[in-house]
Structure formats: C-alpha cells, structure tokens
Amino acid sequence: MTKGELLYEGKAKKVFRTDDENRCIVSYKDDATAFNGAKKGTIRGKGAINNRVTNRLMKLIEEKGIPTHFVEQISETDTVVKKVVIVPLEVIVRNIAAGSLSKRLGIPEGTPLRSTVLEFCYKNDELGDPLVNDWHILAMDLASKEDLAVIADYAQRINHILGELLEDVHISLIDFKLEFGKLPSGEIVLADEISPDTCRLWDTRTGEKLDKDRFRRDLGGVEDAYAEVFDRLVGGA
Ligand code: UDP
C-alpha cells in the first residue's frame, strides 16, 4: 500500500491517503504537546513505541470481539487503518482519581473510585475539549443515542480487557482516553491510539508514573518510562 497525500496532521500523528479509498496510513511522530498545545516537545522514540503499543492493544481488543480500525503495521512508525469518520468525542474512562477529575472534584490523586467513571469531552481545540454529558451529545447531535450506547459498552469492555492485561505486567490502569469512528456501513469501531500518551499508567509496585504525565509535569525520565511500558507490553510478546 502506498502513502499518498497528507490528509491531516495532528499533534502526535499524521494521516495519509492511500490507493485504497477505504484505507489510510497513520504515521506516529515523536512530537509531544500538552495543555492543548501550550507545551511542546519531543520524546525520542515515542512514535515507534506508540505505534507498536497501540497495535498490540488494538489486536487484543479485536480478538475479544470489539471492532477496531486496525489493519496492519507497515513500518516502525506507520500503520494501515480503516478510513472512518471520527465521532467528535473523547471518551475518558477512569478507575482511580487523577488529573482533571481530581482538580474538578477535589478528590486526591490516587484515590480509587468506587465504580468506573465514564466521561465525554467534545473534541474541539478552540473550546479546549469541554466536558459534555449525554444530553449535550444528543442535543448537539455529536452521536446518536444508539451509537452512544455502543460506545459506552465498548469503553467499559475495553477497560476490563486492558486492566487485566496491564495487571499481569504490574501496571495499574488509572485512566485513559478513547476515540471511536464510523465506517461507511455505519458500524462503530475503536479508532485513534492507546498508548502512554493517552493513558495514565502507574507501576503497581512502586507507584512510578509511566506515561505522558512525566512530560506534562516535567518529572524527567520520559523516554525511559515509554520504553518501560513498551518492554512490558510488547517486548516479551
Ligand atoms: N487524555 C488524552 N488526551 C486529551 C485529554 C486527556 O489522551 O486531550 C487522557 C489523559 O492522558 C488521561 C485521561 O485522558 O489518561 C484523562 O485525562 P484528564 O481529563 O485527567 O486530563 P489531563 O489531566 O490529562 O489534562
């Protein structure tokens, strides 16, 4: 499959057209941004790690019966995916309080939540991806009631699948962000990426942060943390 015209360039990935109108090529970059683009940097090796970690997780999720956009990895940083129309929602799943939830609700970081929290943010950089609820989503027609039910079900099942896998390699899944897309058939599939850029991952035994918070909060050891997640999830596989 050949890489065609650049369709879209995001903060961490580029998306290219291919000779098949139903396929795109996603190319992962080492660029990192935080706080809606206000903080910029480079994490050496991140593109290759996020590509391979995402693909490992997408394959597992697909095996467990949840459709994804994944087709095949074609290089260290590039992957062929199904072309979808992205549902303009960031779907956030939380098991342990951290980040914006801790700030907004005054729950100290690291506090286990009695039950899983599902949040939706409207994907809109100008507005800073504001939190929305089901009523906003339906009123703004960001997703239909049926699609929203499917997305919520998939998000919870993915939480179980990833939680179990990560527990085996002594990583706690604190929270993560998912995006979904729609195929021409109308089918909802998991899209985008699942990586240390989009998850909070804490070493179960030491509590050490193994994710993008090391970059956001200037904690140092960013590259080592990404490499550690890669080794534990993909290295032995
Ligand atoms: N997240 C993401 N992209 C975003 C916002 C959040 O991947 O644009 C992920 C983030 O890495 C974390 C989870 O979603 O794993 C929850 O993030 P939160 O709402 O706490 O926001 P943050 O504190 O990261 O700004």
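Overview of results
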item: Filter result (more than 15 Å from the ligand (Cβ to nearest atom) and assigned to a loop (DSSP other than H, G, I, E, B)) within the stretch 32-60; result: Arg44, Gly45
item: The stretch 11-32, subset without any contact (Cβ under 8 Å) to a residue 24 or more places away in the chain and more than 17 Å from Ile49 (Cβ to Cβ), residue nearest to the chain's Cα centre (by Cα); result: Val15
item: Unique residue being in contact with a Pro (Cβ under 8 Å, 6 or more places away or on another chain) and within 24 Å of Leu233 (Cβ to Cβ) when the list is Asn95, Asn159, Asn124; result: Asn95
item: Qualifying residue in the stretch 22-32 (condition: under 23 Å from Ile151 (Cβ atoms) and open to solvent by 80 Å² or more (accessible area, probe 1.4 Å)); result: no
item: In the stretch 162-179, the residues that are touching a helix residue (DSSP H, G or I) at 6+ places or on another chain (Cβ under 6 Å) and away from the ligand (no atom under 14 Å from the Cβ); result: Val169
item: Matching helices (runs of 4 or more DSSP H) fully within the stretch 125-237 where at least 2 residues are open to solvent by 60 Å² or more (accessible area, probe 1.4 Å) and of a type in the set (A, V, I, L, M, F, W, C); result: 134-139
item: All positions within the stretch 88-121 that are outside any strand (DSSP E or B), within 10 Å of the ligand (Cβ to nearest atom) and in contact (Cβ under 8 Å) with a residue 40 or more places away in the chain; result: Ala98, Gly99, Leu101
item: Qualifying residue in the stretch 205-225 (condition: of a type in the set (Ser, Thr, Tyr) and in contact (Cβ under 8 Å) with a residue 60 or more places away in the chain); result: no
item: Among residues of the stretch 76-102, those that are of a type in the set (Asp, Glu) and farther than 13 Å from Glu193 by Cα, counted; result: 1
item: First in the stretch 157-176 and on the phi > 0 side of the Ramachandran plot, second anywhere and away from the ligand (no atom under 16 Å from the Cβ) and outside any helix (DSSP H, G or I), Cβ under 6 Å, 6 or more apart; result: His170/Thr204; His170/Arg205
item: Only listed residue being out of contact with any Pro (no Cβ under 7 Å at 6 or more places or on another chain), modelled with pLDDT of 95 or more and more than 16 Å from the ligand (Cβ to nearest atom), chosen from Val150, Val189; result: Val150
item: Criterion (more than 28 Å from Phe230 (Cβ to Cβ) and more than 13 Å from the ligand (Cβ to nearest atom)) met by exactly one of Glu63, Glu126, Glu72; result: Glu126
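The values are calculated or read from the model by the stated rules, or taken from the named source; none is laboratory data. Fair warning: this is a prediction, and the values are worked out from it, not measured in the lab. Neighbour counts are summed over all protein chains in view; Cβ atoms, including those assigned to glycine, are modelled from backbone coordinates with ideal geometry. For accessibility, only protein heavy atoms count, side chains too; no ligands or nucleic acids. Shrake-Rupley method; radii C 1.70, N 1.55, O 1.52, S 1.80 Å.
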